[in-house]
1. Does anyone have the angle between helix 339-356 and the longest principal axis of the chain? Alpha-carbon axes, 0 to 90°, nearest 10?
2. Over its Cα atoms, what ratio of radius of gyration to 2.2 N^0.38 Å does the chain give?
3. Looking at Pro253, Pro239, Tyr149, which one has the Cα that reaches farthest to the positive end of the dipole of the chain (charges on Cβ: Lys, Arg +1; Asp, Glu -1)?
4. Could you bin all the Cα-Cα distances of the range 338-474 into 10 Å bins starting at 0 and give me the percent of pairs in each, rounded to whole numbers?
5. How long is the range 192-317 along each principal axis, judged by its Cα atoms, biggest number first, in Å?
6. Listed here are the pairs Lys151/Lys418; Lys138/Lys167; Lys448/Lys502; Lys199/Lys526; Lys333/Lys382; Lys382/Lys424; which of them are more than 20 Å apart at the Cα?
7. Got a sec? Charge dipole of the chain, +1 on Cβ for Lys and Arg, -1 for Asp and Glu; which of Ile265, Gln427, Gly481 is way out at the positive end?
8. Once the cut-off is 17 Å, how many percent of the Cα-Cα pairs in the range 489-560 end up in the long-distance tail?
Amino acid sequence: MKSQNTWLIVFFVIAILSFTNCKNKSNPNPELASAGLVRGDLLLCGDGQFGEVSFSLSCDYEIRDAFDLAVSLLHSFEYAEAEKAFAKVIDVDPECAMAYWGVAMSIYHALWKAPNPEELAKGSRILKLAEPLPKTVKEQEYLNAIGSYFKDWEKIDHKTRALKMEKNMESIYKTYPDDTEAAIFYALALKSTADPEDKNHTNERKAGKILEDIFPDQPNHPGIAHYIIHNYDNPELAPMALTTARRYADIAPNSAHAQHMPSHIFTRLGLWDESINSNLRSADAARCYADASGMEGHWTSEIHALDYLLYAYLQQGNTAKTKELYEYISGIKVVWGNNASLAYPFAANPARMVLENKDWELAANLPIPSVALSWEKYPWEKSILHFTRALGSAHLGNIISAEKELATLQSLHEDLVKLQDDYKADQVMIQVKASQAWIEFARGNHEKALQFMQESAILEDNTEKHPVTPGEVIPARELLGDLLLALDNPREALSAYEMALKNSPNRFNGLYGAAIAAKTLGDTQKARQYFELLVQATGSSLSDRPEVEEAKTFIQEYIG
């Protein structure tokens with residue numbers, strides 16, 4: 001798992017190109033020194049390519065290239081480096097108001113977890129320092145837009161403030177139709193306020209159209225490609241982003257996040273080889289960044305990439321690679337970065353390992369990961385572990401243990417309801433109902449079991465997966481197929497598996513389940529179809545899973 005690239009700790013591009021030829025202005029903001037800006041040399045991978053951005057602004061001509069690099073970093077969610085870059089612009093031209101805008105945007109990180117109170121207070125301080133600075137009318141509008149998010153953050157909730165920012169960005173977009181950055185940041189704002197339960201993907205379609213219209217004129221812009229992928233990261237729209245996904249990594253080759261993002265689309269489409277290659281590059285770049293930063297432990301971006309990588313290996317039935325990677329992940333004890341993004345993979349990875357392999361004994365006894373995280377802060381992520389134990393116990397017939405885990409799930413659901421986190425509360429309720437289904441099946445109450453499992457599947461059908469995850473640890477509709485097979489109802493089981501495969505193409509257990517259901521029905525043609533898809537999906541991995549051998553044998557007998 002060692003890095004194959006060499007990271008260069010590089011002085012900011014301006015120090016090389018122009019800082020030596022310009023005079024620093026006197027700083028009109030004496031409070032700037034205590035504003036808490038992230039500072040230091042930029043840590044740029046390789047030759048520092050992050051795409052092409054040209055942002056028109058009224059600051060010193062000498063800092064234009066530096067400012068554009070900072071915006072490029074911002075567009076690929078390299079937030080720490082983006083803030084350092086904007087801080088360096090401020091150091092050279094402290095009257096560059098848009099550099100303060102850039103710092104505030106680096107703190108907002110629209111598609112991630114909302115900034116904490118300390119970050120919100122810092123953003124407010126930075127924007128206040130920009131108020132007396134000279135600026136154009138348009139620059140003031142940009143500052144007003146991000147300012148509407150930070151204003152009154154102590155009194156107004158995150159969602160309301162994000163919607164205010166979106167409306168302000170819409171106004172800028174409509175007022176300045178030739179401003180590409182206005183269009184791009186408006187598209188980002190639309191995605192940040194999209195309703196995760198909107199199955200029509202209204203905001204995402206609107207944002208995607210805006211971005212697609214300007215992409216031909218700026219084919220190397222990192223933000224356009226990046227946000228197309230985010231907006232089309234759902235089963236219906238993912239095919240529309242495939243070409244873009246294959247381009248983004250080349251646009252910003254030195255960004256760990258840019259190397260990873262295409263795998264969101266590859267995962268949606270079941271393109272496992274491409275997802276694997278994408279996340280290998282991303283994890284490598286993330287480790288390089290961690291080495292160069294001097295931070296102890298593993299960075300968020302590496303863990304996120306490894307989560308997607310493990311998922312892809314599992315879908316290929318690649319036992320050797322899966323075990324090797326899981327051992328590496330299990331050895332990670334110290335992490336740094338966005339803890340909300342770290343908690344999910346550390347809960348999901350061990351759950352996936354046992355659930356995808358239907359190892360119910362290990363599932364029933366799944367331990368809490370030993371990584372240094374405060375699990376009580378992450379009720380949804382923690383619920384995954386208890387859900388796995390509940391399924392494992394129910395499949396073993398240990399109803400008492402399964403009910404204990406179910407009670408914990410119900411308690412975690414109540415916690416999320418109290419926190420008014422409706423999305424995550426629904427995610428836990430999907431697990432609650434699925435657990436109830438398999439507990440009732442273990443009891444012999446088949447009608448109740450089917451009712452609970454159908455309710456779980458319907459609830460999951462009406463919600464989108466969270467962007468932090470490559471997919472549910474086990475899709476509810478796939479689990480419904482398993483239950484229907486266990487109830488000797490292969491016809492409805494086949495229908496359930498086929499519906500699951502529409503949302504999650506080429507999932508190993510979905511393809512195998514569909515093949516077995518068809519075979520049980522006596523539909524040898526359809527059974528062969530799904531067995532062949534399973535062999536194709538796992539072919540490059542040389543899978544040793546018995547299901548693949550079964551598929552090959554059936555195909556050979558069918559031909560014979």
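1. 20
2. Here the answer is 1.03, to two decimals.
3. Looking along the dipole axis, the top candidate is Tyr149.
4. Answer for the range 338-474: a P(r) of 13, 45, 36, 6, 0 percent.
5. Dimensions of the range 192-317 along the principal axes of its Cα atoms: 41, 35, 26 Å.
6. Lys151/Lys418; Lys448/Lys502; Lys199/Lys526
7. Of the options given, the answer is Gln427.
8. Numbers: 913 of 2556 pairs.
Result: 36 percent of Cα pairs exceed 17 Å.
Each reported figure results from applying straightforward, stated rules to the coordinates on display, with no laboratory input. Quantities reported herein were computed from a predicted structural model and do not represent experimental measurements. Note that each Cβ is placed from the backbone with ideal geometry, even for glycine, and that neighbours are counted across all protein chains shown.
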